[in-house]
Amino acid sequence: MSRQEAELARRIEGKARRLGFDLVGIVPATPPQTTGHYRAWLEKGYHGEMAYLARPAAIAGRGDPALLLPGVQSVVVVAANYYPPPPSADLQDPSRGVLARYAWGDDYHDLLVPRLRQLGSLVNAASAAYVDTGPLLERELAARAGLGFIGKNTSLIHPRLGSWLFLGELLLTRAVATRHPPPVQGTCGRCTRCLDACPTGALVAPYTLDARRCLSYLTIELKGPIPREMRPLLGNRIFGCDICQEVCPWNRRFARPTAEPAFQPRPESVAPRLLELIALDDDGFRQRFQKSAVRRAKRSGLLRNVAVALGNWGAPEAVPALVQAMHDAGALVRGHAAWALGRIATPDARQALAQALPAEPDEWVRQEIQQAL
């Protein structure tokens, strides 16, 4: 390690912290050790419909960072705490929707990627910035960089911050001295609270997630209908899921609210009223979530989830809004609204379903209506 490399490492660490990153580490860009585990995970089909994870180029990139940035020598790994203050709204109120906490504030991609690029400008070398947007085994990199350990819920856990962390990586075509926090002392031990609490059994074993059963996958990544057997398990969660993090003892003891203004909760994103959301048109959706990660689900995906949550609420007062949703331009929304009306099953709900059936042009929606009746 040269004095120049060590000085550059100190400068990178200092600037990373000034840019608002809570943790930073630097490691050589050597091939990861968990590529075999990743391939085995794909072979079991645990990635579901996320075909981009199984593309040959994506698999190869995860096994060799040099395929992402030729000549790469070093990786700067950063983490930003996003844990928000406790909400004032009641997240247990079934008439309100629950969004994953990372979606309570601004979209983290819009904030962290530019900051990583700013960090890269410090180094006279080619660079590439990633915030869960590229084929990197980022949790292994973060653990190797001293930012935490990987827990049984598959999240990176820092013993003094918990797991409410956004991760980012900066690949550099320049040698930089290895630099990271003191070695992390922490494990999950015998704790299985995350496995026990998962409502869908998505954590099929310690450190193994079957995404097909995960509420985050079902409400965000899955673009088609939510499997019928999974719908009651969503409860009122309409975008992502935090259950495995909420029950984690490391979070319960050590998580502290973020100081980042962009991650502070937006009032419209903390326990929004389901009846307001189901009425959103395209313009309303864009205006309400223009700076939010919720955009990823798109309007049809979000309203699909909201319809399921309304069915799980089961209140007759939701029937008029769901009847209106039966006229939505999107079959995905109409089909899940039909399911919700079938769950509520008041005379008005059943009448609306019976009236909608003859005119419904989509075969899948017709099946949903028939099963709801």
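The values are calculated or read from the model by the stated rules, or taken from the named source; none is laboratory data. Everything numeric in this text was worked out from a predicted model, so none of it was measured. For neighbour counting, all protein chains shown are included, and Cβ atoms are generated from backbone atoms with ideal geometry for every residue, glycine included. Accessible surface is based on the protein model in full, side chains and every heavy atom, while ligands, DNA and RNA are left aside. Shrake-Rupley method; radii C 1.70, N 1.55, O 1.52, S 1.80 Å.
Compute the longest continuous run of the chain that contains no exposed GluC sites (Glu not before Pro); treat a site as exposed when its DSSP state is not H, G, I, E or B and it has at most 14 other Cβ atoms within 10 Å. The longest such stretch corresponds to 50-228. Hydrodynamic estimate: the Kirkwood radius of the range 1-42 over Cα pairs, inserted into Stokes-Einstein at 25 °C and 0.890 mPa s, corresponds to D of 192 µm²/s. Computed over the alpha-carbon pairs of the range 181-286, the distance histogram in 5 Å steps reads 2, 9, 15, 18, 19, 16, 12, 6, 2, 1, 0 percent, short to long. Distance distribution note for the chain: the fraction of Cα pairs above 33 angstrom is 35%. Overall, the chain carries a charge dipole of about 1080 debye about its Cα centre when +1 sits on the Cβ of Lys and Arg and -1 on the Cβ of Asp and Glu, all other atoms neutral. Helix-only arithmetic for the chain: the sum of -39500 (n - 2.57) across DSSP H runs with n ≥ 4, divided by the residue total, places the mean residue ellipticity at 222 nm at -10500 deg cm²/dmol. Taking every C-alpha pair closer than 8 Å and separated by at least 6 residues, the mean separation divided by the residue count of the range 263-373 gives a relative contact order of 22 percent. Accessible surface calculations at 1.4 Å, restricted to protein heavy atoms, place the chain at 45 Å² per residue. Taking the square roots of 5 times each eigenvalue of the Cα gyration tensor of the range 236-286, largest first, gives ellipsoid semi-axes of 28, 15, 8 Å. The share of Cα pairs per 10 Å bin across the range 236-373, counted from zero up to the longest distance, runs 12, 37, 28, 16, 7, 1 percent. Just the protein heavy atoms count here, and of the accessible area of the chain at 1.4 Å, carbon and sulfur take up 51 percent.
Of Thr219, Thr133, the residue with the largest accessible area leads and the full order is Thr133, Thr219 (1.4 Å probe). Its residues counted as N, the range 1-141 yields a C-alpha radius of gyration over 2.2 N^0.38 Å of 1.26. With the simple model of a label 7 Å out from the Cα in the direction of the Cβ, Arg253 to Ala57 spans 4.5 nm. If only the Cβ of Lys and Arg carry +1 and only the Cβ of Asp and Glu carry -1, the dipole of the range 121-271 around its Cα centre is close to 320 debye.
Taking Cα atoms only, the orientation of helix 108-120 departs from the longest principal axis of the chain by about 10 degrees.
Solvent-free Debye calculation, one equal scatterer per alpha-carbon of the range 10-71: log10 I(q)/I(0) at 0.12, 0.16, 0.29 Å⁻¹ equals -0.47, -0.71, -1.13. For the chain, taking a cut-off of 4.7 Å between Cβ atoms, the unpaired cysteines are Cys188, Cys191, Cys198, Cys214, Cys241, Cys248. Taking every C-alpha pair closer than 8 Å and separated by at least 6 residues, the mean separation divided by the residue count of the range 144-245 gives a relative contact order of 29 percent. Under 20 Å of direct C-alpha separation, and excluding same-chain neighbours fewer than eight residues apart, Lys298 reaches these lysines: Lys223.
Take every pair of alpha-carbon atoms less than 8 Å apart whose residues are at least six positions apart; their mean separation over the length of the chain yields a relative contact order of 20 percent. A viscosity of 0.692 mPa s and a temperature of 37 °C, combined with the Kirkwood radius over C-alpha pairs in the Stokes-Einstein formula, give the range 130-220 a diffusion coefficient of 222 µm²/s.
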